[in-house]
Each structure stands twice: as structure tokens, then as C-alpha cells.
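Following: one structure in C-alpha cells, then a few remarks.
The values are calculated or read from the model by the stated rules, or taken from the named source; none is laboratory data. Please read these numbers as outputs of a predicted model, since none were measured by experiment. Cβ: placed from backbone, ideal geometry, glycine included. Neighbour counts: every protein chain shown. Protein only, heavy atoms only, side chains kept; ligands, DNA and RNA dropped before computing areas. Shrake-Rupley method; radii C 1.70, N 1.55, O 1.52, S 1.80 Å.
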Amino acid sequence: MGTITLGQAAQWCGGYVEPKYADITFLGASNDTRKLQPGQLFVALVGERDGHDFIPAALGNGAAAVLCTRTVGDHPAIVVEDTRKALGDIARGERLRIGMKVVGVTGSVGKSTTKEMICAVLSENYRVRKTPENHNNDIGMPMAILAMPEDTQIAVLEMGMNHFREIAYLASIAQPDIAVITNIGTMHIEHLGSRQGILQAKLEILEGMGTEGKLLLNGDDTLLWNLHGQQKIELAYFGVENPQCAYLAKNIQQSPGNIHFDAEAKGKAFGVDLELEGMHYVIDAMAAIGVGTELGVPEEKLQRALLSFQNMAGRQEIFEAKGCTIIKDCYNAGPESMTAALSVLGNKTGRRVAVLGDMLELGVCTQAEHYRVGRIAAEKADVVLAYGPNSSRVISGALTGGMSPAMAKCFEKREDIAEAMIRVVRPGDVILVKGSRGMRMELILDQFLKDT
């Protein structure tokens with residue numbers, strides 16, 4: 001990571017630093033004294049808790065300086081009106097100072113996996129850094145930029161949102177050279193009103209891009225395909241179903257633990273193997289192939305990177321435990337990703353048990369989407385156990401889909417569904433555990449594995 005002086009950072013964010021501290025340097029930033037590393041800038045954010053209360057602890061843990069709205073004693077500090085905004089301003093300055101290319105990734109579903117795949121293929125040719133885990137908001141993304149080494153050639157930055165203007169702000173910091181939109185789904189529709197509203201919010205990424213940038217879109221998504229010819233920036237499409245895509249997957253074959261397909265990329269054709277399960281990974285891989293091709297990664301390196309790709313923890317981890325096959329997919333859930341996960345379960349042999357948590361932030365679509373997921377679960381699973389305030393709608397859909405009442409139950413308490421799993425599951429079963437992040441489905445799985 002690059003060393004930044006307090007004077008330079010203050011200039012970027014319009015803050016004040018005492019002249020005697022102007023040449024103090026810091027390496028990266030943190031807003032958590034428990035995770036802060038010596039030499040970092042401590043960012044005193046004001047939210048449910050006031051970060052200024054933790055300034056003494058941060059300095060005691062080795063913070064080089066503090067970004068704050070008021071000092072607590074005499075110490076190196078940049079004083080600003082708004083620490084959250086100042087953090088973004090400093091990250092923008094550092095992004096421009098390093099001068100790396102930036103690939104911005106957003107979308108309703110699959111953006112984290114797509115980010116990871118893009119990073120994997122680009123790492124074959126370049127020194128690449130990325131936003132870690134789910135650091136895709138106005139705190140995590142700037143901190144990720146500030147953690148990047150000076151020799152970074154490409155940064156792959158995930159951008160999340162659930163309200164209008166959030167992507168616009170992130171894009172103003174990242175200033176992407178290439179932007180990828182994975183799809184327009186229904187997650188966050190509660191705050192954005194409609195899929196058209198979600199599209200509008202995702203397209204805010206263009207506000208941080210110059211006219212020489214490139215936008216890669218999912219050509220199988222009707223709302224994104226309809227942008228063809230309407231943007232001033234150069235567009236390229238990736239897809240599976242739309243034959244007009246510049247980056248297209250054909251002849252897809254699935255087997256346990258593997259997906260093989262033929263990729264067409266700007267007139268070239270080559271085979272690709274993924275050691276993953278589920279059709280949804282093919283579209284993510286095609287986005288990565290598109291970015292890699294645009295940035296000059298040769299096909300043999302694309303093939304190698306995707307063959308060795310392993311997804312992040314919590315996203316469709318498949319493992320054996322207690323005589324069962326577990327599909328742990330607890331990171332998050334929306335209607336699209338829930339449907340994809342159930343399809344993976346449906347392709348498994350053995351008795352299939354779907355343990356499903358609520359999907360959050362669906363607004364007026366909540367009841368209908370939980371019912372629809374229940375109908376799909378009835379086709380893909382032999383047993384459905386649902387948890388959360390909307391679990392009764394899931395079970396109603398499952399029963400309408402023909403599932404026996406004995407095989408479909410809903411629960412309001414986490415401990416009750418964990419106990420039901422212990423009673424119902426038997427050796428040889430395949431178990432899918434999936435729900436929105438706020439449902440903490442991993443705790444249900446942990447209880448099941450502990451007590452069986």
C-alpha cells in the first residue's frame with residue numbers, strides 16, 4: 001500500500017492538519033480499533049456509536065493518525081466536517097495517484113462471484129487487487145483502495161447499494177475504466193420501487209466513467225439488452241441465451257462438481273471448465289472472460305484461471321458432514337439466487353432437503369416471491385423447512401406445488417428449525433441451507449452439525 005502524508009490527504013479531502021503533523025504518513029485505514037493495524041489512519045465515523053470515543057484506544061493500538069471532526073488531545077489528525085465523505089475523498093485521491101485501471105462490478109445477483117472470477121483471470125497477466133469479502137459500500141470500498149499497494153495495475157471493485165445515488169457516489173471515487181453489470185433482479189426493490197428503478201440505480205456507475213470507458217452487460221437480461229444503442233459509452237454484451245452477445249457460452253454440459261462449455265469471445269472459440277455446480281456460474285464466467293479479453297488476457301490463461309477458481313466462503317460451499325451432503329449458501333439470497341440454488345439441489349441424487357430463510361428487502365413483492373420460491377422448492381426438493389416471518393408463504397407455495405404437508409414445515413424461531421433438521425435429516429440426504437444475510441442461516445447449520 002502507498003504511504004500518504006497527512007498533508008496530502010488533507011488536501012484531497014479539504015481537511016485541516018496542524019503543520020507540525022503534515023509530514024506524518026499512514027498506510028491504509030480502519031474504523032475498527034479491534035482490526036486496526038499499526039501505522040493505519042483511524043477513521044472516527046459517527047453512527048450508532050461515535051468513533052471519537054475510541055480515538056485513545058486507536059492511538060494506543062498504533063494508529064499513525066486520526067480522521068475526525070474534533071481532536072481528543074494533541075495527536076496527529078486530519079480534522080474535517082464529515083469523516084465518511086472525507087474517507088471517500090482520500091480514497092479518490094489515492095486511486096488517481098496510483099493510476100491503476102479500475103474494473104467496477106455491480107448487479108443484483110452474482111456480483112461478488114463475478115468480481116472474484118474477474119480478479120482470477122486478470123491476475124494471470126497483471127498485479128491485481130480487489131475489494132475483500134463484502135466491502136462494497138461507502139466505507140468498505142474506500143478502505144479497500146487505501147489498502148492497495150502502489151504497484152497495483154488493476155483494481156477490481158465491487159459496488160453494492162440499496163438506495164438511489166449510492167452507486168453514483170462509489171463510482172465518483174472509483175472512476176471505473178470498465179464497468180460490469182451482472183443483471184437487474186428484484187433485491188432491494190423495497191427501496192427502489194421497481195426493476196426499472198433498480199436499473200436506473202445500477203446505471204449510476206456510468207457517472208464515474210469517461211467516454212473512453214467500456215460497459216459490459218448481461219445480454220440475457222432484457223432490461224440491459226434494451227440499452228443497446230442508447231448509451232454514449234461503448235457497450236459489449238456477455239451471455240448464454242442471446243446469440244448476439246460478443247461473449248457467448250454454448251454447449252453447456254453439467255456433471256457433479258463440474259461445468260463444461262464452449263466460449264466464444266470476439267471471434268475466438270475455446271473450451272472452459274469450472275469446478276462448480278449451477279448454470280448461474282456460467283454467466284459469471286462469461287463476464288470474467290469478457291473483461292479478461294478486453295484487457296488482453298490470452299485464452300489459455302482464461303481457461304487456467306477459471307479451471308482453478310474456487311468461490312468465497314459461504315457461497316455454495318459443498319461438503320460432506322454427518323453422512324450428508326451439505327450445500328452451504330448462507331451469504332445472501334434473493335429470488336434469482338434462491339432459484340439458482342434450488343436448481344443445484346434439484347440436480348443432486350438422494351433425498352433433497354431445502355432449509356430456506358426469508359429473502360429481505362423485497363417490499364411489495366415479498367409475499368408473491370416467497371410463495372413463488374415455495375412452488376419451485378416443491379419441484380426441486382423432497383423436504384422443505386422454512387424459517388422467518390415469511391416462511392408460511394414459502395410453505396403455502398410448496399403445498400400448492402404438490403408437496404405433502406408432512407414434508408413442508410415453517411418455523412419462526414431459529415432453534416426450532418435447527419431441531420426440526422435434527423429430527424428430519426437422515427444419512428444420505430442432500431441439504432441446501434440458504435437465506436438472506438440478515439437471517440443468519442449459518443447459525444442454524446452450525447446448531448445442526450453440533451447436535452447430530
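Once neighbouring chains are kept in place and the probe is 1.4 Å, which whole percent of the accessible area of region 1-144 is contributed by carbon and sulfur?
Working: 2850 of 6160 Å².
After summing per-atom areas, the C and S share lands at 46 percent.
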Notebook entry, point to check: If you take the alpha carbon radius of gyration of region 1-54 and divide it by 2.2 N^0.38 Å, what ratio comes out, to two decimals?
Noted result: 1.19
Checklist line | Long-range tail of P(r) for region 1-143 (Cα pairs > 17 Å, %) | finding: 61
Check: Over the chain, what is the percentage of antiparallel beta bridges among all DSSP beta bridges, to the nearest 5?
Finding: 30
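Of the accessible area of region 351-452, with the probe set at 1.4 angstrom, what percent is carbon plus sulfur?
Working: 2200 of 4380 Å².
In region 351-452, the share of accessible area belonging to carbon and sulfur is 50 percent.
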Notebook entry, point to check: Using r as the Cβ-Cβ distance of Leu449 and Ala313, and R0 as 22 Å, what FRET efficiency do you calculate, to the nearest 0.05?
Noted result: 0.90
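Can you compute the helix-only [θ] at 222 nm over the chain? Use -39500 (n - 2.57) per DSSP H run of at least 4 residues, normalise by all residues, nearest 500 deg cm²/dmol.
Numbers: 16 runs with 157 residues, N = 452.
The helix-only estimate for the chain comes to -10000 deg cm²/dmol at 222 nm.
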Item checked: Average accessible surface area per residue within region 234-365, 1.4 Å rolling probe, Å² -> 40
Check: With all protein chains present, how much of the accessible area of region 235-335 (probe radius 1.4 Å) comes from carbon and sulfur, to the nearest whole percent?
Finding: 47
Next item on the list: Calculate the length of the line joining the C-alpha centroid of region 283-327 to that of region 102-145, in whole Å.
Entry: 14
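Compute the FRET efficiency between Glu207 and Lys268 as 1/(1 + (r/R0)^6), taking r as their Cβ-Cβ distance and R0 = 35 Å, and round to the nearest 0.05.
0.60
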Margin query: Give me the tail of P(r) for region 103-192 as a percent: Cα-Cα pairs with distance above 17 Å.
Written below: 45
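With a probe of 1.4 Å, find how much accessible area region 30-96 has per residue, and write the answer as a whole number in Å². Don't skip to the end; give the middle numbers.
Values: 3130 Å² over 67 residues.
It amounts to 47 Å² per residue over region 30-96.
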Next item on the list: Would you calculate the separation in nanometres between label points at Lys85 and Ala22, each defined as 7 Å from the Cα along the Cα-to-beta-carbon direction?
Entry: 2.4
